[in-house]
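Asks: Mind having a look at this structure? Questions to follow.
The values are calculated or read from the model by the stated rules, or taken from the named source; none is laboratory data. A quick note: this is a predicted structure, and the numbers were derived from the prediction, not measured. Because the Cβ atoms are built from the backbone with ideal geometry, glycine has one as well, and the counts that use them run over all protein chains shown.
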Amino acid sequence: MLKSRRLLVSLGVLMLAVGLGGCAPPGVRGVRAFEDLPAAEGEVASDAEFLFELSEKKYCSTDDAYRGMLYLIDGTDTSKDFEERTARMVMHGVADKSWKHNPTAVATKGKVAYMLVRALEIRGGVMYNITNGCPRYALRELIHNGMIKGGKENSKLSGAEYVGILGRAVDYREPRPWPKM
């Protein structure tokens with residue numbers, strides 16, 4: 001009873017302090033967000049713009065998928081066009097040269113999973129290795145790892161979904177250390 005009363009009093013004091021003083025530290029009120037930040041330069045701006053625009057697209061195209069994958073592999077995409085981007089993907093061993101590389105085709109979960117498993121060098125399970133890394137079992141592997149949330153091999157991928165997958169792939173490759181509690 002005494003602990004719960006202390007907790008309620010503490011919460012009340014905290015709410016009163018926030019209500020009267022506000023959340024912002026002194027001298028920050030009235031400043032508009034990001035107003036004082038310098039403009040981004042060069043590649044960084046175009047990479048960020050690409051990801052933002054992609055997140056708002058209904059579907060992720062093959063060209064978008066290749067560009068995002070090159071960000072994951074190389075840190076940026078310096079390709080001048082789709083043909084050069086495709087050549088770099090094949091060179092990295094992430095895309096199969098036997099695929100029909102159509103820049104406007106909608107990317108599927110199976111092909112994106114195939115590319116991710118190769119880009120992240122995930123060893124895969126028994127079926128993935130028996131089938132020589134087919135997109136179906138690559139997708140199952142990434143669903144198991146929590147990088148892709150369900151779906152079938154030929155499911156179309158939205159732009160926002162692909163950006164989320166890329167974010168989880170970065171976390172998989174470079175896990176962030178969490179502070180100890």
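Asks: Every residue in segment 45-71 that is closer than 20 Å to Met91 by Cα and surrounded by fewer than 20 Cβ atoms within 10 Å (Cβ to Cβ), please.
Replies: Correct list: Asp63, Tyr71.
Asks: Sort out which residues of segment 82-109 are among the charged types (D, E, K, R), surrounded by 14 or more Cβ atoms within 10 Å (Cβ to Cβ) and either farther than 21 Å from Ile122 by Cα or within 20 Å of the chain's Cα centre (by Cα) (or both), and write them in order of number. Show your work before the answer.
Replies: First, the residues of segment 82-109 that are among the charged types (D, E, K, R): 83-85, 88, 96-97, 100, 109.
Add one more test, that the residue is surrounded by 14 or more Cβ atoms within 10 Å (Cβ to Cβ), and what stays is 85, 88, 96, 109.
Listed by number, the residues that qualify are Arg85, Lys109.
Asks: Only residues that are aromatic (Phe, Trp, Tyr) and more than 17 Å from the chain's Cα centre (by Cα): list them for segment 129-174, please.
Replies: Filtering segment 129-174 for residues aromatic (Phe, Trp, Tyr) gives 137, 162, 172.
Residue satisfying the conditions is Tyr137 alone.
Asks: Next question. What is the residue count in segment 135-154 for residues that are more than 16 Å from Gly68 (Cβ to Cβ), surrounded by 15 or more Cβ atoms within 10 Å (Cβ to Cβ) and of a type outside the set (D, E, K, R)?
Replies: Here is the first cut: in segment 135-154, the ones more than 16 Å from Gly68 (Cβ to Cβ) are 135-141, 143-146, 149-154.
Subsequent filtering for residues that are surrounded by 15 or more Cβ atoms within 10 Å (Cβ to Cβ) retains 135-141, 143, 145, 151, 153.
From the residues that got through so far, the ones that are of a type outside the set (D, E, K, R) too are 135, 137-139, 143, 145, 151.
Of the residues in that region, 7 qualify.
Here's the yes/no breakdown for (1) in contact with a helix residue (DSSP H, G or I) (Cβ under 9 Å, 6 or more places away or on another chain); (2) among the charged types (D, E, K, R); (3) more than 23 Å from Val170 (Cα to Cα):
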site: Leu72; (1), (2), (3): yes, no, no
site: Glu84; (1), (2), (3): no, yes, yes
site: Ala95; (1), (2), (3): yes, no, no
site: Ala105; (1), (2), (3): yes, no, yes
site: Val112; (1), (2), (3): yes, no, no
site: Tyr128; (1), (2), (3): yes, no, no
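Asks: So which residues in segment 94-134 are without any contact (Cβ under 8 Å) to a residue 12 or more places away in the chain and farther than 20 Å from Arg67 by Cα?
Replies: As a first pass, look at segment 94-134 and keep what is without any contact (Cβ under 8 Å) to a residue 12 or more places away in the chain: 97-98, 100, 121, 123, 126, 129-132.
If the condition is that a residue be without any contact (Cβ under 8 Å) to a residue 12 or more places away in the chain and farther than 20 Å from Arg67 by Cα, then Arg123, Val126, Asn129, Ile130, Thr131, Asn132 are the ones that fit.
Asks: Now for a different question. Sort out which residues of segment 155-168 are within 10 Å of Tyr59 (Cβ to Cβ) and buried (at least 17 other Cβ atoms within 10 Å of the Cβ), and write them in order of number. Steps first, please.
Replies: Keep residues of segment 155-168 that are within 10 Å of Tyr59 (Cβ to Cβ), which gives 156-159, 161-162.
Passing the criteria: Leu157, Ser158, Gly159, Glu161, Tyr162.
Asks: Another question, if that's okay. Restricting to segment 89-138, and then to whatever is among the hydroxyl-bearing types (Ser, Thr, Tyr) and farther than 27 Å from Ser55 by Cα, can you tell me which residue is modelled with the highest pLDDT?
Replies: Residue satisfying both the conditions and the ranking: Ser98.
Asks: Tell me, which helices (runs of 4 or more DSSP H) wholly within segment 56-172 include 2 or more residues that are among the polar types (S, T, N, Q)? Break it down into steps so the answer makes sense when it comes.
Replies: On the way: elements: 62-74, 82-91, 109-119, 126-130, 135-145.
So the answer is none; nothing clears 2.
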